[in-house]
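Visitor: Sharing a structure here in structure tokens format.
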Amino acid sequence: GGPTVWAVYCPQGHASPPYSPTCRICRMALPPHQQPVSVPRPALGQLKLGDGRVVILDRGAVFGRSPRADASGNTGAGGVPPHLVKVMLPDISRLHTEVRLEEWQVLVRDLGSANGTYLTLPGGRPQQMRPMEEYALEPGAVVSLAGSINLTYEVLG
């Protein structure tokens with residue numbers, strides 16, 4: 001068993017965070033006064049890479065030319081190793097970017113890459129991420145590794 005989270009359910013049966021007013025998948029209003037229950041954390045979405053690959057966020061991920069599970073000293077929640085996603089482009093560092101799951105949040109950070117990581121939140125402008133600082137993703141956010149390849153965060157329906 002992997003990590004668990006506290007959840008409530010929408011009328012369609014989708015698990016959502018207890019603090020959310022709407023379902024994270026179908027956007028229906030969550031019934032009021034539900035008692036949260038502990039459930040195995042569902043996949044929190046997916047990252048679509050500009051080269052067509054898809055990474056399901058059932059656990060964290062490390063991106064780079066030579067990604068390692070211990071890239072940031074974090075071997076993954078519950079001992080589950082992260083996805084290791086090779087990106088073989090010249091501007092990408094060996095260890096470039098990490099995506100980590102914390103409860104219901106998807107967090108991203110630049111691992112001190114040479115050419116940077118950029119984050120564009122929906123409706124916003126690209127901003128360069130500071131190395132080793134975590135940023136929360138929201139659906140529709142785009143993470144750009146060195147301006148060479150984009151990762152688009154989507155919630156699974």
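The values are calculated or read from the model by the stated rules, or taken from the named source; none is laboratory data. Since this is a predicted model, take the numbers as computed values, not measurements. Using ideal geometry, Cβ is built from the backbone for each residue, glycine included, and neighbour counts are taken over all protein chains shown.
Visitor: Answer yes or no as to whether residue 21 is within 30 Å of residue 145 (Cα to Cα) and not assigned by TED's automatic domain parsing to the domain that holds residue 145.
Guide: Numbers: within 30 Å of residue 145 (Cα to Cα): no; not assigned by TED's automatic domain parsing to the domain that holds residue 145: yes.
Criteria not met by residue 21.
Visitor: Among the numbered conditions (1) in contact with a strand residue (DSSP E or B) (Cβ under 7 Å, 6 or more places away or on another chain); (2) of a type in the set (Asp, Glu); (3) modelled with pLDDT under 95, tell me where residue 70 comes up short.
Guide: Single failed check for residue 70: (1).
Visitor: Here is a follow-up. Consider the stretch 101-133. How many of its residues are buried (at least 16 other Cβ atoms within 10 Å of the Cβ) and of a type in the set (Asp, Glu)?
Guide: The total comes to 1.
Visitor: Report the residue count in the stretch 116-133 for those that are part of a loop (DSSP other than H, G, I, E, B) and in contact with a Ser or Thr (Cβ under 7 Å, 6 or more places away or on another chain).
Guide: So the count comes out to 2.
Visitor: Related question: Restrict the check to the stretch 40-50 and report whether at least one residue is over 16 Å from residue 152 (Cα atoms) and either surrounded by fewer than 13 Cβ atoms within 10 Å (Cβ to Cβ) or out of contact with any Leu (no Cβ under 9 Å at 6 or more places or on another chain) (or both).
Guide: Yes, the stretch 40-50 contains at least one residue that is over 16 Å from residue 152 (Cα atoms) and either surrounded by fewer than 13 Cβ atoms within 10 Å (Cβ to Cβ) or out of contact with any Leu (no Cβ under 9 Å at 6 or more places or on another chain) (or both).
Visitor: Which condition breaks for residue 139 when tested against (1) touching a residue at least 60 places away in the same chain (Cβ under 8 Å); (2) farther than 29 Å from residue 19 by Cα?
Guide: All conditions pass for residue 139, except number (2).
Visitor: (1) closer than 19 Å to residue 151 by Cβ; (2) loosely packed, with under 15 Cβ neighbours inside 10 Å: which one isn't true of residue 34, the others all being true?
Guide: Of everything listed in (1) closer than 19 Å to residue 151 by Cβ; (2) loosely packed, with under 15 Cβ neighbours inside 10 Å, residue 34 misses just condition (1).
Visitor: Looking at the stretch 62-72, is at least one residue surrounded by fewer than 19 Cβ atoms within 10 Å (Cβ to Cβ), closer than 23 Å to residue 25 by Cβ and not acidic (Asp, Glu)?
Guide: No; the residues of the stretch 62-72 include none that is surrounded by fewer than 19 Cβ atoms within 10 Å (Cβ to Cβ), closer than 23 Å to residue 25 by Cβ and not acidic (Asp, Glu).
Visitor: Oh, and also: Give the residues of the stretch 134-144 that are part of a strand (DSSP E or B) and surrounded by 16 or more Cβ atoms within 10 Å (Cβ to Cβ), sorted by residue number. Walk me through it before giving the result.
Guide: Within the stretch 134-144, the subset part of a strand (DSSP E or B) is 135-136, 142-144.
Those that are part of a strand (DSSP E or B) and surrounded by 16 or more Cβ atoms within 10 Å (Cβ to Cβ): 135, 142, 143, 144.
Visitor: Next question, about the same structure. Filter the stretch 91-131 for residues that are touching a strand residue (DSSP E or B) at 6+ places or on another chain (Cβ under 6 Å) and of a type in the set (A, V, I, L, M); which is nearest to residue 19 (Cα to Cα)?
Guide: By that ranking, first place goes to 107.
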